[in-house]
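*Asks:* Next up is a structure, given as structure tokens.
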Amino acid sequence: MAPSFRHSTALAALAIALPQLPGIAMAQSTTATTPVPAGASTASDDQGDGEIVVTGTRIPTPGLVSSSPVASTSEQQIRLQSALTIEDFSTKLPQLSGGVRQGSQGSDAFGAQVLELRNFGQSRSLVLIDGTRAAPFSFRNSVDVNAIPASLIKRVDVLTGGAAAVYGADAVAGVVNFILNDEFEGVRGTAASRLSVRGGAQYGGSVMLGLGVGDRGNLVFAADYTQRDGILARQRDWAATPNQTIPSIGGVFTDVASGRRFGFTDAGAFTTTPSATSNVSGSYPLVSPLKRINLAALYKYELAPAVEIYGRAMFTNARTEETGTPGAQPASVSRTVGINATNPFLTDAIRSQLTFVNGVAQVNVSRSLAELGLITYRTERDTLQLQSGLRGPITSALQWNIYAQYGRSIENSLIGGDGQVANASGANNFASIVNTVDIFGPNRPGIAAALGSPINGFNRKRDQFVTAATVSGTLDDLFTPPAGSIGFAAGVEYRRETASIQQDSALLSGNTYRQGVQAAYTGKFDVKELYGELRVPLIHNTPFIRQFDVGGAYRLSDYDLFGTHGTWKVEANWAVDRNLRLRGTYQRVLRTPNFGEFAASTSSLPFSSLVTVDRLRPRYGGDPCVIGTGNRAQCDRLGAPAAGSTDSRAASYLTGNYFYGGNPDIQPETGFTKTIGGVLTPIFLPGLNATVDWYELDLRGAVGVIQPIAAITSCYITNPTAGNPLCNLVTRNANGSFKDAFVNNQNLGRLLQRGLDVAASYTLRPEWMNGVGLRASYQGNIVTSYLIQANPTVNAVQCKGTFGATCSSDGTTLVQPDYRHTAGIGILFDHGVIQFDWQRIGAVKSSAAGSSEIIGAQDTFDLSASRDFTPAISMSAGVYNLLDRRPPRVSAGGVFNTFPDTYDILGRTIGFTLTAKM
């Protein structure tokens, strides 16, 4: 597409949306994220019928203000992003770091989007739907948020500061609460698309039907369909990876008797000076294709004046094709085989290079089996979430609520591009075909038929059952203090979690080319909990104290596997006057181990995967003894090669396996969070809201592993003593090269982050502008310190403003900027809005030892608009990444030369959303 056409298309889209724009409802905002005005309830009257949801508390008191920082994203704001998935708008939130996204190749999420708050790891952020837990998937505690229909979302609240006492384990870094629209009535259809001008598209639609059941209830049905096209690395020139080489696809052949070498070029030409490598990385997937169907039903109905039944049913089917944990690199062989003199595929040129003894030549063959294709995981995941409950008033001041919910995620993955190394009798499959199938040169058609065999990668199942009962309200029936009503909530909860993973027999035995040895396992745990909250107003309408409240929460959790733990919260909320409010919280938080951490058996990958798989490459930096940074006496003591004698970053230097697995003795992580902030709403400047909140997250006993690079660094650089036990975690061969690495989960680490959340918005609608208004907004996160101590054997590392695996809390998000913001300005009309947004990710430097590499600050801009043509027809359009900013290039440690977990990899994207309702 020519640049001029790209620009004209974008401008035409906006021109269609904008003619005669006279007005927008005040509900529409000008940024994808807007600070909560004055720290007030993020729900106010959103729920209708007096049902109030305030993220961060179970006390449903009208007018309750939040003591914790909460950022909200509305339905209208989501529409302005032409959002088909949660990722389309969640990436704009400064508090949300990378997590797992559409560009997360090599992960085991397989089409899921996983949220991560504050770079604290994907299992330390709790996802809720209407204040109750969303069903997790896989073996982690994380949730695929794309299993939540985007069409049903009324609001998204992000609470950052921990909430374990209110919602239970895992709310360490915070909570993301999706509020669904259970009040909708009528019929609404939406069609949406997001098209990248450099290739790649996402499109879909939704239908919603809402029915009032007399004046006693409501039913809402929704169906969403989303399809995402795949993008290959060659479709983005910045993704070219010249160093991403594989064994030659034409093959390198060495006659053992004479030492003569010959082979074939990638084009198939015979040569006696063959290249040992090829590069097919342009065919690697950059974005995986995805097809997803979401079906949902929400219901509530008044059975009696004091009893309402309510609930939801949600089903998602997602199908995707990704590279999986081994990466895309095709299978390969390197072995000596017997080539018969009667082999029908020998040309005169080949025959002249071989030495036949008794009619057989011993030949070492090193070649990629690219004919089998790239390694792909074709995965289908079904997610079912059911909830039903009863609620109602006890008195005008008290209400009760009891519910039960069940969630199940089932995944099946078929691995392509691989095969079995040996047959049932133990004979090597490649060796058995060398005289019946043409193996000389690239693209040999018989190889795939002879060696390729789809492998049933795994069957994963995850179940969650939760039931809870709560009584909440105020003590007004007993007494009401002069300063206001005392609010409370108290309840019980029971939760049971189970997980299982079954593997193909070829994976269990390690009889594949690329998958290593995988291990099937099952696990389960349950927890019984008591919880309570209290909010007490102490002072009201005195000088300098318009309102002063204190509160607290406590949760006692009895785990069958992890023992009994208490989490708590204390908080204060001080309204100085109508201009200023101060607030603060102090909490004890807890995260329980996920199934991969406490239940998984030992699995392994080839140790060489640390240099051949993009996702793993940041975990290994070479042998200090060879690259000259290690203590020479320690290197000699343990039989390491001499400095400069070999290439320790070559795959051939890592000869054995990388063993990993769970630990049944693992214990929950515990920590403390603090927030102190203020909310400014000056009466002399109506329409201005500003918040500043300082926070501290301190997590002890963080579950982690001693990665090979940490063990190697400790053994040979920081603690080069004969008795260092970490030296045993990476063993050596007789020639000094590395053999095996051993890692398993332990309560080793500490994460300590401090920072500031700053938000402001200002709306101006002067009479002289004839209904036209202006709105400016800003939301930023400033990290003042982020210390990560991976294990007690190493010093804490200052990770604020860095990138790389050294400073990743769980190996998922590899960029830790110390500054991020989203800022916007919009023009408001009676029936529309024009909006300009600016996202900034601050500069970061490499966390790798000895590196001075820096990635400069990255700025992207969005221009969008919305127009209500009639009460029934509306359209939104936008150009996202308006200036077509490419992701920054990094020399080492990234994926496709960058970090798709953080930076936009699509380039300029044009989005459209058309909505019709009646």
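The values are calculated or read from the model by the stated rules, or taken from the named source; none is laboratory data. This is a predicted model, so every value here is computed, not measured. Counting neighbours? That spans all protein chains shown, and the Cβs are built from the backbone with ideal geometry, glycine included.
*Asks:* Kindly indicate whether any position in region 473-489 is crowded, with 20+ Cβ neighbours inside 10 Å and touching a helix residue (DSSP H, G or I) at 6+ places or on another chain (Cβ under 6 Å).
*Replies:* no
*Asks:* Only one of (1) out of contact with any Leu (no Cβ under 8 Å at 6 or more places or on another chain); (2) outside any loop (DSSP other than H, G, I, E, B); (3) buried (at least 17 other Cβ atoms within 10 Å of the Cβ); (4) at pLDDT below 95 fails for L286. Which number is that?
*Replies:* (1)
*Asks:* When you check G268 against the structure, is it among the small types (G, A, S), out of contact with any strand residue (DSSP E or B) (no Cβ under 9 Å at 6 or more places or on another chain), more than 30 Å from S409 (Cβ to Cβ) and touching a residue at least 40 places away in the same chain (Cβ under 8 Å), yes or no? Show your work before the answer.
*Replies:* Working: among the small types (G, A, S): yes; out of contact with any strand residue (DSSP E or B) (no Cβ under 9 Å at 6 or more places or on another chain): yes; more than 30 Å from S409 (Cβ to Cβ): yes; touching a residue at least 40 places away in the same chain (Cβ under 8 Å): yes.
Answer is yes for this residue.
*Asks:* Step by step: first the residues of region 472-518, then only those that are part of a helix (DSSP H, G or I) and in contact with a strand residue (DSSP E or B) (Cβ under 8 Å, 6 or more places away or on another chain), then the one that is farthest from S603 (Cα to Cα). Which residue is that? Break it down into steps so the answer makes sense when it comes.
*Replies:* Filtering region 472-518 down to residues part of a helix (DSSP H, G or I) leaves 505-509.
Then drop every residue that is not in contact with a strand residue (DSSP E or B) (Cβ under 8 Å, 6 or more places away or on another chain), which leaves 506-509.
On the way: A506: 13, L507: 10, L508: 9, S509: 10 Å.
Top of the filtered list is A506.
*Asks:* So, in region 887-918, how many residues would count as being surrounded by fewer than 18 Cβ atoms within 10 Å (Cβ to Cβ), part of a loop (DSSP other than H, G, I, E, B) and of a type in the set (D, E, K, R)? Can you show your working first?
*Replies:* At the first step, the residues of region 887-918 found to be surrounded by fewer than 18 Cβ atoms within 10 Å (Cβ to Cβ) are 889, 891-892, 914, 916-918.
Remaining after also requiring part of a loop (DSSP other than H, G, I, E, B): 889, 891-892, 918.
Okay, now just the ones that are also of a type in the set (D, E, K, R), so 889.
Total meeting the criteria: 1.
*Asks:* Could you list, in sequence order, all residues of region 295-328 that are surrounded by 20 or more Cβ atoms within 10 Å (Cβ to Cβ) and either among the hydroxyl-bearing types (S, T, Y) or over 33 Å from the mean Cα position of the chain (by Cα) (or both)?
*Replies:* E308, Y310, T316, T320, T323, T325 - these are the residues of region 295-328 that are surrounded by 20 or more Cβ atoms within 10 Å (Cβ to Cβ) and either among the hydroxyl-bearing types (S, T, Y) or over 33 Å from the mean Cα position of the chain (by Cα) (or both).
*Asks:* Show the residue pairs that are 6+ apart or on different chains and have beta-carbon atoms under 7 Å apart, the first residue being within region 829-853 and within 22 Å of V879 (Cα to Cα) and without any contact (Cβ under 8 Å) to a residue 60 or more places away in the chain, the second being of a type outside the set (D, E, K, R) and in a loop (DSSP other than H, G, I, E, B).
*Replies:* R840/A857
*Asks:* Pick out the one residue from A427, A469, A490, A483 that is more than 40 Å from the chain's Cα centre (by Cα), closer than 30 Å to I394 by Cα and not β-branched (V, I, T). It would help to see each step written out before you state the result.
*Replies:* Values: A427 fails: closer than 30 Å to I394 by Cα; A469 fails: more than 40 Å from the chain's Cα centre (by Cα); A490 fails: more than 40 Å from the chain's Cα centre (by Cα).
It is A483.
*Asks:* With respect to F89, is the statement that it is aromatic (F, W, Y), crowded, with 23+ Cβ neighbours inside 10 Å and either over 17 Å from I153 (Cβ atoms) or touching a residue at least 40 places away in the same chain (Cβ under 8 Å) (or both) true? Walk me through how you get there before you give the answer.
*Replies:* Working: aromatic (F, W, Y): yes; crowded, with 23+ Cβ neighbours inside 10 Å: no; either over 17 Å from I153 (Cβ atoms) or touching a residue at least 40 places away in the same chain (Cβ under 8 Å) (or both): yes.
Considered against the rule, which asks whether it is aromatic (F, W, Y), crowded, with 23+ Cβ neighbours inside 10 Å and either over 17 Å from I153 (Cβ atoms) or touching a residue at least 40 places away in the same chain (Cβ under 8 Å) (or both), F89 comes out as no.
*Asks:* Determine which single condition F178 fails, assuming it passes every other condition in (1) surrounded by fewer than 17 Cβ atoms within 10 Å (Cβ to Cβ); (2) in contact (Cβ under 8 Å) with a residue 24 or more places away in the chain; (3) within 30 Å of L298 (Cα to Cα).
*Replies:* The one condition F178 does not meet is (1).
*Asks:* Follow-up. How about region 780-817: which of its residues are within 23 Å of S891 (Cβ to Cβ), surrounded by fewer than 19 Cβ atoms within 10 Å (Cβ to Cβ) and touching a residue at least 40 places away in the same chain (Cβ under 8 Å)?
*Replies:* The answer is V797, G811.
*Asks:* Of these, R775, R820, which one is basic (K, R), over 26 Å from the mean Cα position of the chain (by Cα) and either within 18 Å of T73 (Cβ to Cβ) or surrounded by 21 or more Cβ atoms within 10 Å (Cβ to Cβ) (or both)?
*Replies:* Details: R820 fails: over 26 Å from the mean Cα position of the chain (by Cα).
Sole residue among the options that is basic (K, R), over 26 Å from the mean Cα position of the chain (by Cα) and either within 18 Å of T73 (Cβ to Cβ) or surrounded by 21 or more Cβ atoms within 10 Å (Cβ to Cβ) (or both): R775.
*Asks:* Take the conditions within 18 Å of the chain's Cα centre (by Cα), crowded, with 24+ Cβ neighbours inside 10 Å and either charged (D, E, K, R) or modelled with pLDDT of 90 or more (or both) and apply them to L126. Does it pass? Step through it out loud before you land on a result.
*Replies:* Values: within 18 Å of the chain's Cα centre (by Cα): yes; crowded, with 24+ Cβ neighbours inside 10 Å: yes; either charged (D, E, K, R) or modelled with pLDDT of 90 or more (or both): yes.
So L126 passes the test.
*Asks:* Could you please give the count of residues in region 215-239 that are of a type in the set (F, W, Y) and part of a strand (DSSP E or B)? Please lay out each step first, then the result.
*Replies:* Step one: filter region 215-239 for residues of a type in the set (F, W, Y), giving 221, 225, 238.
If we keep only those that are part of a strand (DSSP E or B) as well, we get 221, 225.
Looking only at that region, the number is 2.
*Asks:* What is the residue count in region 660-718 for residues that are under 30 Å from N573 (Cα atoms), part of a strand (DSSP E or B) and either touching a helix residue (DSSP H, G or I) at 6+ places or on another chain (Cβ under 7 Å) or not polar (S, T, N, Q) (or both)? Spell out how you get there, then give the answer.
*Replies:* Step one: list which residues in region 660-718 are under 30 Å from N573 (Cα atoms), which gives 669-700.
Pick out the ones that are also part of a strand (DSSP E or B) and you get 669-680, 688-700.
Okay, now just the ones that are also either touching a helix residue (DSSP H, G or I) at 6+ places or on another chain (Cβ under 7 Å) or not polar (S, T, N, Q) (or both), so 669, 671-672, 674, 676-680, 688-700.
Qualifying residue count, region 660-718: 22.
*Asks:* On to the next question. Spot the failing condition for M875; the list is (1) in contact with a helix residue (DSSP H, G or I) (Cβ under 7 Å, 6 or more places away or on another chain); (2) at pLDDT below 90; (3) part of a strand (DSSP E or B), and only one is missed.
*Replies:* Every listed condition holds for M875 apart from (2).
*Asks:* Could you tell me how many of the residues in region 567-590 are assigned to a loop (DSSP other than H, G, I, E, B) and of a type outside the set (S, T, N, Q)? Step through it out loud before you land on a result.
*Replies:* As a first pass, look at region 567-590 and keep what is assigned to a loop (DSSP other than H, G, I, E, B): 576-579.
Now restrict to residues that are of a type outside the set (S, T, N, Q): 576-578.
Total satisfying the criteria: 3.
*Asks:* Which of the residues that make up region 359-387 are modelled with pLDDT under 95 and at positive phi?
*Replies:* G373, the sole residue that qualifies.
*Asks:* Another question about this same structure. Considering only residues that are surrounded by fewer than 18 Cβ atoms within 10 Å (Cβ to Cβ) and closer than 30 Å to Q502 by Cβ, which ones fall in region 516-558?
*Replies:* Matches in region 516-558: A519, A520, T522, K524, D526, K528.
*Asks:* Could you tell me how many of the residues in region 611-648 are assigned to a loop (DSSP other than H, G, I, E, B), surrounded by 17 or more Cβ atoms within 10 Å (Cβ to Cβ) and among the charged types (D, E, K, R)?
*Replies:* Qualifying residue count for the region: 3.
*Asks:* Here is a check on your reading of the model: is G212 modelled with pLDDT under 95 and part of a loop (DSSP other than H, G, I, E, B)? Quick ask: steps written out before the conclusion?
*Replies:* Values: modelled with pLDDT under 95: yes; part of a loop (DSSP other than H, G, I, E, B): no.
No; evaluated as a whole, the condition is false for this residue.
*Asks:* Select, from S332, S388, the only residue that is touching a Pro at 6+ places or on another chain (Cβ under 7 Å), touching a residue at least 60 places away in the same chain (Cβ under 8 Å) and surrounded by fewer than 22 Cβ atoms within 10 Å (Cβ to Cβ).
*Replies:* Details: S388 fails: touching a Pro at 6+ places or on another chain (Cβ under 7 Å).
Going through S332, S388 in turn, just one is touching a Pro at 6+ places or on another chain (Cβ under 7 Å), touching a residue at least 60 places away in the same chain (Cβ under 8 Å) and surrounded by fewer than 22 Cβ atoms within 10 Å (Cβ to Cβ): S332.
*Asks:* Another one. Could you give every pair whose Cβ atoms fall below 8 Å, whose first residue belongs to region 394-414 and is over 13 Å from F137 (Cβ atoms) and part of a loop (DSSP other than H, G, I, E, B), and whose second residue is at pLDDT below 95 and of a type in the set (D, E, K, R), counting only separations of at least 6 or pairs across chains?
*Replies:* Once the first residue is over 13 Å from F137 (Cβ atoms) and part of a loop (DSSP other than H, G, I, E, B) and sits in region 394-414, its partners that are at pLDDT below 95 and of a type in the set (D, E, K, R) give T395/D477; S396/D476; S396/D477; A397/D476; A397/D477.
*Asks:* Do you know which of the residues in region 225-250 that are small (G, A, S) and surrounded by fewer than 22 Cβ atoms within 10 Å (Cβ to Cβ) is farthest from V287 (Cα to Cα)? Steps first, please.
*Replies:* Step one: filter region 225-250 for residues small (G, A, S), giving 230, 233, 239-240, 248, 250.
In the following step, the residues that additionally are surrounded by fewer than 22 Cβ atoms within 10 Å (Cβ to Cβ) were identified as 230, 240.
Numbers: G230: 5, A240: 14 Å.
Out of the qualifying residues, it is A240.
*Asks:* Which numbered condition trips up A424, out of (1) of a type in the set (G, A, S); (2) in contact with a strand residue (DSSP E or B) (Cβ under 6 Å, 6 or more places away or on another chain); (3) more than 27 Å from E321 (Cβ to Cβ)?
*Replies:* Going through the list (1) of a type in the set (G, A, S); (2) in contact with a strand residue (DSSP E or B) (Cβ under 6 Å, 6 or more places away or on another chain); (3) more than 27 Å from E321 (Cβ to Cβ), A424 breaks only (2).
*Asks:* Go through (1) assigned to a loop (DSSP other than H, G, I, E, B); (2) within 23 Å of the chain's Cα centre (by Cα) for G250 and report which single condition fails.
*Replies:* (2)
*Asks:* Those residues that are closer than 19 Å to T57 by Cα and out of contact with any Ser or Thr (no Cβ under 9 Å at 6 or more places or on another chain), I need them from region 576-599; list them, please.
*Replies:* Listed by number, the list holds a single entry, L582.
*Asks:* Among the residues of region 591-610, what is the count of those that are part of a strand (DSSP E or B) and either under 27 Å from A331 (Cβ atoms) or of a type in the set (V, I, T) (or both)?
*Replies:* To start, the set of residues in region 591-610 that are part of a strand (DSSP E or B) comprises 591, 603-606.
Still in the running and either under 27 Å from A331 (Cβ atoms) or of a type in the set (V, I, T) (or both): 603-606.
Total satisfying the criteria: 4.
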